[in-house]
Ligand SMILES: Cc1cc2nc3c(=O)[nH]c(=O)nc-3n(C[C@H](O)[C@H](O)[C@H](O)COP(=O)(O)OP(=O)(O)OC[C@H]3O[C@@H](n4cnc5c(N)ncnc54)[C@H](O)[C@@H]3O)c2cc1C
């Protein structure tokens, strides 16, 4: 293998896991992050078994697992608390030897950064454009500086300006619902697993984390960037969901305005190319998905694992070829997840009472084995 110089744009989960994978494959890596400091945005994160396998492939699953809360039960409830669907993934865990975890985003970021002690990580470097030559790529930054490198991995998230340059037709889509998240102390509740409650006023997810913490999220249908939603306080959310089953109101009551994180839910309409010669799109920059399946970061981690897999299996090949092979392996799986997640969101966000009632009946009729089969498709990876 020939050691190459590779710049990674973006220090999120995709950028950092890719940097770890590239180092593991023996390349020289530098990470350029726009923010003044590399820190996670968000509260909790579900790391499904496929992500844990990806973390294993890049050599860090054993460090991440102890910081996660093991999750095997996923239940969808109606707003009165009636069970609509219940899944116990331990059957699959036994079959594949892998578990699902929920983790604090900050804890994951710390581990990822800790794995890059000898990697140049520059903050305050917002990439604005790329120029590709026959032997190299030049990155132009907003501060007027440039960086020449042999290859570039673009992992600058859903609003990627570089993707926009490479694929001007790519489209960020608003899903039609907006989301609040928070990380709170558990007020003494026994939470056996993760739940989602689907009701006419919106959807509430509750996920237990380690160290007696709870991560919750709420999705409400609204126009994009709604001033009314922007002004919502923790008390407003509590009053909107006061009629939902316990422990939804109890958990919302423990939340302060400072703990709230708010953003509209968006994705990217699936694109047909991730590889552009010496440049590769990864993570949300390539295939941002709505969070309904909890798979965005999981797919970013799979990206890093697949890239490493290709590099190790084909050490004789040029990186342009590796990037193309990566694209072939990743396009159909990520497109399936983006599309399925979009559809799931539409069903979960139904708000007309009549349709909600029909949906709830239909949900209760879906055999458990069908839900498990769908989960198994996600568990199955090709690395
Ligand atoms: C409400 C919600 C809940 C979610 N829950 C889950 C979940 O449970 N499980 C899961 O797997 N996924 C989940 N996701 C998705 C997950 O958060 C993303 O898929 C994941 O964080 C994407 O990582 P990334 O590194 O590709 O992008 P990002 O996390 O967006 O990182 C991009 C990085 O690039 C930097 N950057 C941006 N522009 C530039 C530039 N021009 N130059 C240099 N740097 C730049 C940014 O500052 C950032 O650090 C959720 C998402 C949302 C919105």
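The values are calculated or read from the model by the stated rules, or taken from the named source; none is laboratory data. What you see is a predicted model, and the numbers here were worked out from it, not measured in a lab. Reconstructed Cβ throughout: ideal geometry from the backbone, glycine too, with neighbour counts over all protein chains shown.
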**Report entry** Tally of residues being surrounded by fewer than 20 Cβ atoms within 10 Å (Cβ to Cβ) and assigned to a helix (DSSP H, G or I) across region 58-91
**Finding:** 8
Query - Residue list for region 43-88, filter: under 14 Å from residue 298 (Cβ atoms) and in contact with a helix residue (DSSP H, G or I) (Cβ under 6 Å, 6 or more places away or on another chain) - result: 45, 48, 49, 50, 51, 52, 54, 55, 57, 58, 61, 64
Report summary line: Counted residues in region 326-350 being within 19 Å of the chain's Cα centre (by Cα) and not in a helix (DSSP H, G or I) come to 0
Query raised in the report: Just a yes or no: is a residue in region 124-132 closer than 30 Å to residue 374 by Cα, assigned to a strand (DSSP E or B) and modelled with pLDDT of 95 or more?
Result: no
**Report entry** Residues that are closer than 30 Å to residue 182 by Cβ and either assigned to a strand (DSSP E or B) or more than 15 Å from the ligand (Cβ to nearest atom) (or both), drawn from region 22-43
**Finding:** 31
Query raised in the report: So which residues in region 218-233 are out of contact with any helix residue (DSSP H, G or I) (no Cβ under 8 Å at 6 or more places or on another chain) and not in a loop (DSSP other than H, G, I, E, B), if there are any at all?
Result: 221, 227, 228, 229, 230
Report summary line: Flagged in region 131-157 as surrounded by 17 or more Cβ atoms within 10 Å (Cβ to Cβ) and within 15 Å of the ligand (Cβ to nearest atom), in numbering order, are 137, 139, 141, 147, 149, 152, 153, 154, 155, 156, 157
Requested in this report: Looking only at region 73-86, decide whether some residue is touching a residue at least 60 places away in the same chain (Cβ under 8 Å), within 13 Å of the ligand (Cβ to nearest atom) and within 26 Å of residue 290 (Cα to Cα).
Outcome: yes
Report task. Return the only residue of 55, 46, 16 being within 17 Å of the chain's Cα centre (by Cα), part of a strand (DSSP E or B), in contact (Cβ under 8 Å) with a residue 12 or more places away in the chain and surrounded by 15 or more Cβ atoms within 10 Å (Cβ to Cβ). Result -> 46
Query raised in the report: Under the condition of being more than 7 Å from the ligand (Cβ to nearest atom) and in a helix (DSSP H, G or I), which residue from region 257-297 is nearest to residue 168 (Cα to Cα)?
Result: 286
